[in-house]
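J.: The structure follows.
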Amino acid sequence: MEKHILLRGNDVPNIHQYDVYVQHEGYAGLKKALGMTPEQVIDEVKASGLRGRGGAGFPAGVKWSFIPKNEPVKYVTVNADESETGTFKDRLIMETNPHQLIEGALICAYAIQAKAVYIYLRGEFWDIAHQLDQCIEDARRHGFVGQNIGGSSFSCEVYTHLGAGAYICGEESALLNSLEGKLGQPRVRPPFPAQKGGGLYGEPTVVNNVETLTNVPWIMVHGAAEYKKFGTEQSAGTKLYCVSGHVQKPGVYELPFSTTFRELLYDICGGPSVEGRSFKALLPSGGSGPVVPLNDQVLDTRMSYEDTAKVGTIIGSASLIVMDDSVDMTWVASKVTKFFKHESCGKCTPCREGTYWLDKVIDRIMAGEGRPEDVKLIENVAKNMAGITLCALGEFAANPIIHTIRQFPEDFNRHVAAKTETRPAAGKKTAPAAGD
Amino acid sequence: MAILNNPKYEDRIQWHLSKYPDKRSAVMPLLYIAQEEYGYVSQEGILEVAQLCDMDPTQVKSIAGFYTMYSEKPKGRYWLQTCTDLACALRGADEFHHDLLAYLEIEEGGTTADGLFTAEHVMCLAACDKAPMLQCNFHFMENLDLAKMKAWIEEKRAELEKQSK
Ligand SMILES: Cc1cc2nc3c(=O)[nH]c(=O)nc-3n(C[C@H](O)[C@H](O)[C@H](O)COP(=O)(O)O)c2cc1C
Ligand code: SF4
Ligand code: FES
């Protein structure tokens, strides 16, 4: 991109510093918002078409409008738990453009009239939290955090909170429990976080992803109409695409949603990392989204919410894990299954038991001891997990095996039929099984 | 020592307690402070955190047990956590971790005899484009290979030797 909306550190050196940030439109979006009514701010964000970047793609302005107006205490929580394999974009935003996140969170806080913002970071983001704390203090010194923000009657605090190593705390209701000092396990819904009784300390709460909120200052300054010029009809704006695995240039790239997989993986990332190899498969949304073969049809698909749905997958958080033809897809399924078994919080039986069984069966298949009836068994276990778990992890967990069987039956059946010891990815030795 | 009435931590403890409308929310940051003081989350630490947050010690203990970054036993001076999750594994992280354990002559999760290094594998650390990578005492080391790690390990061993002289 010529000019970035999110990765502005690429255009302006040292924009993570307060002084540099204010020289480049910094806190101008917040000032503009303070001159509008909260309803007008929400309407502008709605009009921009901004959708949540944490995975589900829910329209941000609509989410904000669910917050009841007459409740005296409300909160904003920023989801910076980023723990899905292949996802490393929120970290880059917070490292290179932290003030824009703080500003975006404050605009959201003004729009719903929240009294405080809590930024929940995964525990490993220790250094990042420290830098954010300093940014918050810089913003406070200049009147953008605390009492009477920007000289207005609006007051709001901003705090960071470090998690301590639990993937499930990225799920919004588990995140709220964790922030309250309880076990980080999902809550029964309704009530939803936006409702009285469902949010932080029981108060109406907006939970948004880091990337979602970082878009907001730009939308306030340049307007919804300008923002909608990027992307596609149902996917407005730009997205941070995280590319990992078998490409020459892995990394985070900010691109309009209208970009195709081919443009990203070949033109920008330079194609397969090993000469002579070709692309085989793609997980477009980390371990939790459906795997697809990297064929021409997929490569020519635009990386938007609506276009990826047409090829049977999702763009989700846009964590593209790319695999070349050296990779055994059964090994991939087993790796991801172990992840979900390890990360299941254990609160509901179908997920706790289901992940245990899926892992057991796939281990057996990987060891060359698969049985022809195992495919049926897997499908049966997956069916019994779908739609009845407390949170979406239970659904994610069945995805890797189910979609591998569907998309790469040859990789799967080979293990079951030939009873061969599996060949790990790229001829590498495998370490002791991950996740136990 | 202790974290209660310890001037080293007083400001930080007060700051964390002041951030939330409910003291209980400070349990996670205070557990980190306990871990810093004792080298792991000790029984004394749990009792102190419980007192500070107005919680039952068994509740604090269950919180400490739920999260993987609180350690219930002492670790080596350098706690090396290699990511071997899918995206890193595609770029040789499993092999790197395997070789690292072999070089340190320890098993998964073990600590070297000199007490310097503990090594284990972990799930995604949000640095998948810089694999192989690991987290050392919560700071990231990226784009690694065994040669780089060997040099770093020997450097740390030399430092220890110098200190003990
Ligand atoms: C198991 C699980 C893990 C999740 N992890 C994250 C995460 O690490 N970061 C994130 O922003 N959203 C994560 N989500 C989605 C959140 O629940 C929530 O939808 C999101 O924070 C809403 O923000 P958005 O609308 O701005 O995307 C996760 C969901 C589930 C079910
Ligand atoms: S689906 Fe799994 S992770 Fe989610 S609440 Fe149930 S047991 Fe926990
Ligand atoms: S998979 Fe290793 S850091 Fe993400």
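The values are calculated or read from the model by the stated rules, or taken from the named source; none is laboratory data. Source: prediction; values computed, not measured. When we count neighbours, we look across all protein chains shown, and the Cβ atoms used for this are built from the backbone with ideal geometry, even at glycine. In case anyone asks, the SASA skips ligands and DNA or RNA and just uses the protein heavy atoms, side chains included. Shrake-Rupley method; radii C 1.70, N 1.55, O 1.52, S 1.80 Å.
J.: Collect the residues in region A:187-236 that are in a loop (DSSP other than H, G, I, E, B) and open to solvent by less than 30 Å² (accessible area, probe 1.4 Å), keeping them in residue-number order. Step through it out loud before you land on a result.
T.: Initially, region A:187-236 is screened for residues in a loop (DSSP other than H, G, I, E, B), giving A:187-199, A:203-204, A:223, A:228-230, A:232-235.
A:193, A:194, A:198, A:199, A:204, A:223, A:232, A:235 - these are the residues of region A:187-236 that are in a loop (DSSP other than H, G, I, E, B) and open to solvent by less than 30 Å² (accessible area, probe 1.4 Å).
J.: Filter region B:124-139 down to the residues that are open to solvent by 10 Å² or more (accessible area, probe 1.4 Å) and either more than 7 Å from chain A (Cβ to nearest Cβ) or at negative phi (or both) and list them by number. Break it down into steps so the answer makes sense when it comes.
T.: Here is the first cut: in region B:124-139, the residues open to solvent by 10 Å² or more (accessible area, probe 1.4 Å) are B:129-132, B:136-139.
Selection gives B:129, B:130, B:131, B:132, B:136, B:137, B:139.
J.: Within region B:42-66, count every residue that is open to solvent by less than 10 Å² (accessible area, probe 1.4 Å), touching a residue at least 24 places away in the same chain (Cβ under 8 Å) and under 24 Å from residue B:115 (Cα atoms).
T.: 2
J.: Quick test of your reading of the structure: residue A:324 fulfils all but one of (1) away from ligand 3 (no atom under 16 Å from the Cβ); (2) closer than 19 Å to residue A:279 by Cα; (3) more than 11 Å from chain B (Cβ to nearest Cβ). Name the failing condition by number.
T.: (3)
J.: Restricting attention to region A:356-377, does a residue exist that is within 12 Å of chain B (Cβ to nearest Cβ), assigned to a helix (DSSP H, G or I) and within 30 Å of residue A:296 (Cβ to Cβ)? Walk me through how you get there before you give the answer.
T.: Restricting attention to region A:356-377, the residues satisfying the condition of being within 12 Å of chain B (Cβ to nearest Cβ) are none.
Checked region A:356-377: no residue is within 12 Å of chain B (Cβ to nearest Cβ), assigned to a helix (DSSP H, G or I) and within 30 Å of residue A:296 (Cβ to Cβ).
J.: Mind checking which residues of region A:293-336 are surrounded by 23 or more Cβ atoms within 10 Å (Cβ to Cβ) and among the charged types (D, E, K, R)?
T.: Of everything in region A:293-336, just one residue is surrounded by 23 or more Cβ atoms within 10 Å (Cβ to Cβ) and among the charged types (D, E, K, R), namely A:335.
J.: Shifting gears a bit: For region A:57-74, how many residues are touching a residue at least 12 places away in the same chain (Cβ under 8 Å) and either part of a loop (DSSP other than H, G, I, E, B) or open to solvent by 10 Å² or more (accessible area, probe 1.4 Å) (or both)? Give the steps one after another, and end with the answer.
T.: If we filter region A:57-74 for residues that are touching a residue at least 12 places away in the same chain (Cβ under 8 Å), which is where we start, we get A:57, A:59-69, A:71, A:73-74.
If we keep only those that are either part of a loop (DSSP other than H, G, I, E, B) or open to solvent by 10 Å² or more (accessible area, probe 1.4 Å) (or both) too, we end up with A:57, A:59, A:62-63, A:65-69, A:71, A:73-74.
Residues that pass the stated criteria total 12.
J.: Run residue B:85 past the list (1) within 12 Å of another protein chain (Cβ to nearest Cβ); (2) open to solvent by 10 Å² or more (accessible area, probe 1.4 Å); (3) among the charged types (D, E, K, R) and report the number of the one that doesn't hold.
T.: It fails just one condition, (2).
J.: Follow-up question, since we're still on this one. For region A:142-161, state whether one or more residues are within 16 Å of ligand 1 (Cβ to nearest atom), within 30 Å of residue B:123 (Cβ to Cβ) and within 14 Å of chain B (Cβ to nearest Cβ).
T.: Within region A:142-161, one or more residues are within 16 Å of ligand 1 (Cβ to nearest atom), within 30 Å of residue B:123 (Cβ to Cβ) and within 14 Å of chain B (Cβ to nearest Cβ).
J.: Restricting attention to region B:140-158, report how many residues are more than 10 Å from every other protein chain (Cβ to nearest Cβ) and either within 26 Å of residue A:286 (Cα to Cα) or of a type in the set (A, V, I, L, M) (or both). Before the answer, list the steps.
T.: Keep residues of region B:140-158 that are more than 10 Å from every other protein chain (Cβ to nearest Cβ), which gives B:141-158.
Right, trim to either within 26 Å of residue A:286 (Cα to Cα) or of a type in the set (A, V, I, L, M) (or both) and you get B:141-147, B:149, B:151, B:153, B:158.
Of the residues in that region, 11 qualify.
J.: Go through the residues of region A:163-176 one by one and say whether even a single one is at pLDDT below 95, open to solvent by less than 40 Å² (accessible area, probe 1.4 Å) and assigned to a loop (DSSP other than H, G, I, E, B).
T.: yes
J.: Exactly one condition in (1) of a type outside the set (D, E, K, R); (2) at pLDDT below 85; (3) over 22 Å from residue A:285 (Cβ atoms) is false for residue A:377; which is it?
T.: (2)
Yes/no matrix, rows are residues, columns are (1) of a type in the set (A, V, I, L, M, F, W, C); (2) within 19 Å of residue A:171 (Cβ to Cβ); (3) outside the structural domain of residue A:90 (by TED's automatic domain parsing):
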| position | (1), (2), (3) |
| --- | --- |
| A:293 | no, no, yes |
| A:301 | no, no, yes |
| A:306 | no, no, yes |
| A:313 | no, no, yes |
| A:337 | no, yes, yes |
| A:345 | yes, yes, yes |
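J.: Within region A:58-68, can one find any residue that is more than 22 Å from residue A:305 (Cβ to Cβ) and in the same structural domain as residue A:193 (by TED's automatic domain parsing)? Full working, then the answer.
T.: Pass one, region A:58-68, residues more than 22 Å from residue A:305 (Cβ to Cβ): A:67-68.
After this cut, where a residue has to be in the same structural domain as residue A:193 (by TED's automatic domain parsing) as well, the list is A:67-68.
Yes.
J.: Is there any pair linking a residue in region A:170-192 that is under 21 Å from residue A:87 (Cα atoms) to one that is among the aromatic types (Phe, Trp, Tyr) and within 14 Å of ligand 1 (Cβ to nearest atom), with Cβ under 8 Å and at least six apart or on different chains, and which?
T.: Cβ pairs passing all conditions: A:175/A:120.
J.: Could you list, in sequence order, all residues of region B:109-144 that are over 23 Å from residue A:93 (Cα atoms) and within 16 Å of ligand 3 (Cβ to nearest atom)?
T.: Across region B:109-144, the qualifying residues are B:119, B:120, B:121, B:122, B:144.
J.: Follow-up question, since we're still on this one. Within the group A:315, A:321, which residue is within 14 Å of ligand 1 (Cβ to nearest atom), within 19 Å of the chain's Cα centre (by Cα) and either modelled with pLDDT of 95 or more or farther than 30 Å from residue A:239 by Cα (or both)? Quick ask: steps written out before the conclusion?
T.: On the way: A:321 fails: within 14 Å of ligand 1 (Cβ to nearest atom).
Result of the check over A:315, A:321: A:315.
J.: Continuing with the same structure: Examine region A:128-150 for a residue that is outside the structural domain of residue A:340 (by TED's automatic domain parsing), in a helix (DSSP H, G or I) and at pLDDT below 95, and state whether such a residue exists. I'd like the intermediate steps shown before the answer.
T.: Taking region A:128-150 first, the residues outside the structural domain of residue A:340 (by TED's automatic domain parsing) are A:128-150.
Filter once more, so that each one left must be in a helix (DSSP H, G or I): A:128-141, A:149-150.
Keeping just the survivors that are at pLDDT below 95 gives none.
Taking every residue of region A:128-150 in turn, none turns out to be outside the structural domain of residue A:340 (by TED's automatic domain parsing), in a helix (DSSP H, G or I) and at pLDDT below 95.
J.: So which residues in region A:378-394 are more than 15 Å from ligand 1 (Cβ to nearest atom) and either open to solvent by 20 Å² or more (accessible area, probe 1.4 Å) or within 14 Å of chain B (Cβ to nearest Cβ) (or both)? I'd like the intermediate steps shown before the answer.
T.: So the first thing to find is which residues in region A:378-394 are more than 15 Å from ligand 1 (Cβ to nearest atom), and the list is A:378-384.
Passing the criteria: A:379, A:380, A:381, A:383, A:384.
J.: Would you confirm whether any residue within region A:108-116 is open to solvent by less than 20 Å² (accessible area, probe 1.4 Å), farther than 30 Å from residue A:232 by Cβ and not assigned by TED's automatic domain parsing to the domain that holds residue A:242?
T.: Taking region A:108-116 first, the residues open to solvent by less than 20 Å² (accessible area, probe 1.4 Å) are A:108-109, A:111-112, A:114, A:116.
Narrowing further to those that are farther than 30 Å from residue A:232 by Cβ: A:114, A:116.
Within this subset, residues satisfying the condition of being not assigned by TED's automatic domain parsing to the domain that holds residue A:242 are A:114, A:116.
Scanning region A:108-116 turns up at least one residue that is open to solvent by less than 20 Å² (accessible area, probe 1.4 Å), farther than 30 Å from residue A:232 by Cβ and not assigned by TED's automatic domain parsing to the domain that holds residue A:242.
J.: To continue, here is another question. Evaluate the following for residue A:100: is it open to solvent by 20 Å² or more (accessible area, probe 1.4 Å), more than 11 Å from every other protein chain (Cβ to nearest Cβ) and not aromatic (Phe, Trp, Tyr)?
T.: Numbers: open to solvent by 20 Å² or more (accessible area, probe 1.4 Å): no; more than 11 Å from every other protein chain (Cβ to nearest Cβ): yes; not aromatic (Phe, Trp, Tyr): yes.
No, not satisfied.
J.: Within the set of pairs 6 or more residues apart or between chains, which connect a residue that is more than 14 Å from chain B (Cβ to nearest Cβ) and within 16 Å of ligand 1 (Cβ to nearest atom) inside region A:234-248 to a residue that is open to solvent by less than 10 Å² (accessible area, probe 1.4 Å) and among the basic types (Lys, Arg) with Cβ atoms less than 8 Å apart?
T.: A:239/A:53
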